[in-house]
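To keep things clear, I will list the structure first and then write my remarks on it.
Here, each number is a calculation from the coordinates, and none is a lab measurement. Keep in mind it's a predicted model, so treat the numbers as computed, not measured. Here the Cβ positions follow ideal geometry from the backbone for every residue, glycine too, while neighbour counts run over all protein chains shown.
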Amino acid sequence: MDKITKFLSKLTHKEQEKILHIIQLINMWNWEQLDHTKLVGQDNMYRVRVGKIRIIYSIDNNKGQIINIDYRGNVYQ
């Protein structure tokens with residue numbers, strides 16, 4: 001089990017639904033609908049906030065790739 005799947009399995013059903021919806025938007029190239037912020041010092045890397053949870057993803061060749069999902073204090077390490 002990878003780190004992202006393990007993290008998602010520990011969340012409540014409601015939190016899982018929110019995060020999975022955001023992942024679908026990233027995979028369908030609907031970045032305009034996301035409240036995302038570019039990471040400082042990183043090329044093509046962005047973050048989306050879901051309460052205390054952060055979703056870090058990159059955009060390469062018009063494809064979104066999830067890098068990490070974790071709580072705010074742990075995601076940037």
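For the pair residue 16 and residue 74, a Förster radius of 25 Å applied to the C-beta separation gives a FRET efficiency near 0.90, rounded to the nearest 0.05.
Taking other residues whose beta carbon is less than 13 angstrom from the beta carbon of residue 35, and scoring Lys, Arg as +1 and Asp, Glu as -1, yields +4.
What label, among [x] 31, 26, 24; [y] 32, 24, 17; [z] 44, 22, 9, belongs to Cα extents along the principal axes in Å computed from the structure on display? Identified label for the calculated read-out: [x]. Remark: the chain carries a charge dipole of roughly 320 debye about the Cα centre, counting +1 on each Lys and Arg Cβ and -1 on each Asp and Glu Cβ. Working from Cα pairs under 8 Å separated by at least six residues, relative contact order for the chain is 22 percent.
Fewest-first ordering of 67, 19 by other beta carbons within 10 Å of each residue's beta carbon gives 67, 19. Straight-line reach from residue 52: taking Cα to Cα under 14 Å and skipping same-chain neighbours fewer than 8 places apart, the aspartates and glutamates in range are 15, 70. Do any chymotrypsin sites (Phe, Trp or Tyr not before Pro) in region 1-36 lie in a DSSP loop with no more than 14 other beta carbon atoms within 10 Å, and if so, which? Answer by residue number: 29.
Computed over neighbours whose Cβ is under 14 Å from that of residue 54, the net charge equals +4, Lys and Arg +1, Asp and Glu -1.
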